[in-house]
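Single-structure report; data block below.
Please treat every number below as a calculation from the coordinates, not as lab data. Predicted, not measured: the structure shown is a model, and the values here were computed from it. Please note: Cβ atoms are built from the backbone with ideal geometry, for glycine as well, and neighbour counts cover all protein chains shown.
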Amino acid sequence: MKLNFKRTICIGLAFMVISVFWGFYDQAISYILKYEFGQAEMETNLIMSIDNVLALFLLPIFGALSDKTNTPYGKRTPYIVVGTVFSILFFIGMGFGVATQKFWLFFAMLFMTLLSMATFRSPAVALMPDLTPRGLRSRANAIINIMGGVGSAFAMLVIMVLVRSEKNSDGSTAYIKGQNYWPVMLTVAGFMLVGLVIFLLTIKEKKLSEKLLASGELTAEDFIDEEAEEAKAHKGERLPRPVLKSLILILLSVAFWYIAYNGMSTNLSRYCQEVMGKDLSGSSSYSLVTLVVTGVAMVPLFPISAKFGRKKTIIGGVIIMMAAFLAGSFIRQGTPEILVYGMFSLVGIGWAAINVNSYPMVVEISRAGDVGKYTGYYYTFSMAAQVVTPLLSALLIETFGLGYTVLFPYSAIFCVLALVCMFFVKHGEAPKMAEQSKAN
């Protein structure tokens, strides 16, 4: 059976709609908070952590609600439609907040936008396995991630083209306060709306699901969670002590490298302005390089992981990312662009090596117990890290007065902590690699 690429791409439009907003959010919101509304670092990063706090609570809730939903339009589509429409409306409301320089309006609309986005993220992700046979889901997931990358890249390109700044005599850029953000925000909102319309025209969830079941392309077996069934036989059993130790070390590693990576990404646009004299266009171009390299690097990393094992590949990725952050510690205004782009390319390679293998290691360990529970642990540690790192980095930058130059050393230190934890992990390899390790 072959994957229906056209249908999968259309399904991926829902995730693309999500990603274009987050591409804008990650690059521009902290910039607007600091330079338009004069928010201090702690207040800015506290606001930037709200999305992760909401995600901790709301993503599982709305994912479970959509599982139980049954409408003429399907299980997931109502959430995708309502969530996207309200997200667009509140996002435009954020634009009014910026245009009128009313912080209370901007913040209220931002909070409501984040709330709306959280209502349909899980349903949008769950739609692909609903409409894809089990054996084709890995390939389909790759396409979905590519669609997400397209959305993020579009947001960054729009920012690069439409956000204005002034050149200083030394070649650095000066932010233009009170500039018109409407072109950027309306373009992003329009992209979200067009993506939603095409999704609705091409994916009739209820009819398509019935058609696939009737034709035999989808069967009841495609919706049996084999891992969950396997876990039921072991439900309530405790992991052996050495395996539990490995699990704890992996989860600590997950937290540390998310603190490192998101500490950098959350503060990057302001770091570029304050340290490098680069505006949003510059920081967006660096983030775009990291995004593209991460996606491209995942292709060869699958066979590399199969050959050398998950642990060694992750360790290699953490070392590469740590080296990149250490190199980034010396970036200043006037650093040759080729070196800066090279540094961010290394971050992308390291991040890809980590993400290809980290969750599968947790899944491998959880085969001896409750898969869903350990999956929850993984996402709890990763999301909690993304809540903590904006606040912790702001403490160092502002409260302790270390400034933005602490950012890359901060990320490098947490990479070291992740590396130390991973060195002592003894479990989580794929079965063949685990057998080879024991033989050696």
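Computing FRET efficiency as 1/(1 + (r/R0)^6) for N168 and L213, where r is the C-beta to C-beta distance and R0 is 51 Å, gives about 0.20. Assuming charge only on the beta carbon of Lys and Arg (+1) and of Asp and Glu (-1), the dipole of region 8-221 about its Cα centre is about 500 debye to the nearest 20. When the Cα positions of A174, W22, N70 are compared along the charge dipole of region 8-221, N70 comes out farthest toward the positive end, with charges on each C-beta of Lys, Arg, Asp and Glu. Across the chain, the mean sequence separation of Cα contacts (distance under 8 Å, 6 or more residues apart), normalised by length, yields a relative contact order of 24 percent. Computed from phi, the 3J(HN,Hα) profile of region 58-65 under the Karplus parametrisation 6.51, -1.76, 1.60 (θ = phi - 60°) reads 8, 4, x, 5, 6, x, 5, 4 Hz, with x in place of Gly and Pro. Here, region 1-122 has an Rg and a Dmax of 16.4, 56 Å when only alpha carbons are counted.
Residue ranges 197-207, 111-121 sort as 111-121, 197-207 when ordered by packing (mean number of other C-beta atoms within 10 Å per residue, highest first). One quarter of the convex hull surface built on the alpha carbon atoms of region 8-221 amounts to 13.0 nm², the projected area averaged over directions. Look at I32, I159 and count the other Cβ atoms within 10 Å of each Cβ; fewest to most, that gives I32, I159.
Among E274, E429, E166, sorting on how many other beta-carbon atoms sit within 10 Å of each Cβ, with the fewest leading, yields E166, E274, E429. Shown for the chain is the translational diffusion coefficient from the Stokes-Einstein equation, using the Kirkwood radius over Cα pairs, a temperature of 4 °C and a viscosity of 1.567 mPa s: 57 µm²/s.
Rounded to the nearest 0.05, what FRET efficiency do L157 and V420 give with R0 = 56 Å and r taken as the Cβ-Cβ distance? Could you check? According to the calculation, E is roughly 0.90.
Across region 203-213, coupling constants 3J(HN,Hα) worked out from phi with the 6.51/-1.76/1.60 Karplus curve, θ = phi - 60°, read 10, 9, 3, 5, 5, 5, 4, 5, 5, 5, 5 Hz, and Gly and Pro carry x. The ranking of L239, L65 from fewest to most other beta carbons within 10 Å of each one's beta carbon is L65, L239.
Can you tell me how region 99-226 classifies by the Cα gyration tensor, rounded, prolate or oblate, using a/c under 1.5 as the rounded cut? Because a/c hits 1.5 or more and a/b exceeds b/c, region 99-226 counts as prolate. Given +1 at the Cβ of Lys and Arg, -1 at the Cβ of Asp and Glu and no other charges, the dipole of region 225-430 around its Cα centre is 520 debye to the nearest 20.
Residue by residue, region 332-340 carries 3J(HN,Hα) couplings of 9, 4, x, 4, x, 4, 4, 6, 5 Hz when phi is fed to the Karplus relation 6.51 cos²θ - 1.76 cosθ + 1.60 (θ = phi - 60°); x denotes Gly or Pro. Under the simplified labelling scheme, the L395-Y341 pair shows an inter-label distance of 3.8 nm, with each label point 7 Å from Cα along Cα→Cβ. Label positions at K6 and F308, each projected 7 Å from the Cα along the C-beta direction, are separated by 4.1 nm. Once the chain from N180 to V53 is taken as fully extended at 0.36 nm per residue, the excess over their C-alpha distance is 42.7 nm.
Between amide H atoms placed 1.01 Å from N, distances below 5 Å from G74 occur with K206, all of them 5 or more places distant or on a separate chain. In a reduced charge model with +1 at each Lys and Arg Cβ and -1 at each Asp and Glu Cβ, the chain shows a dipole moment near 700 debye about its Cα centre.
Compute the distance in nm between two label points, each set 7 Å from the Cα along the Cα-to-Cβ direction, one at L193 and one at T69. Roughly 2.2 nm, to one decimal.
Taking a ≥ b ≥ c as the square roots of the eigenvalues of the Cα gyration tensor, an a/c ratio of 1.5 or more together with a/b larger than b/c marks region 225-430 as prolate. Sorting the segments 146-155, 397-406, 209-218 by their residues' average number of neighbouring beta-carbon atoms within 10 angstrom, most packed first, yields 146-155, 397-406, 209-218. The residue list A327, M264, I338 was ranked by how far each Cα lies along the charge dipole of region 225-430 toward its positive end, using unit charges on Cβ atoms, and A327 comes out on top.
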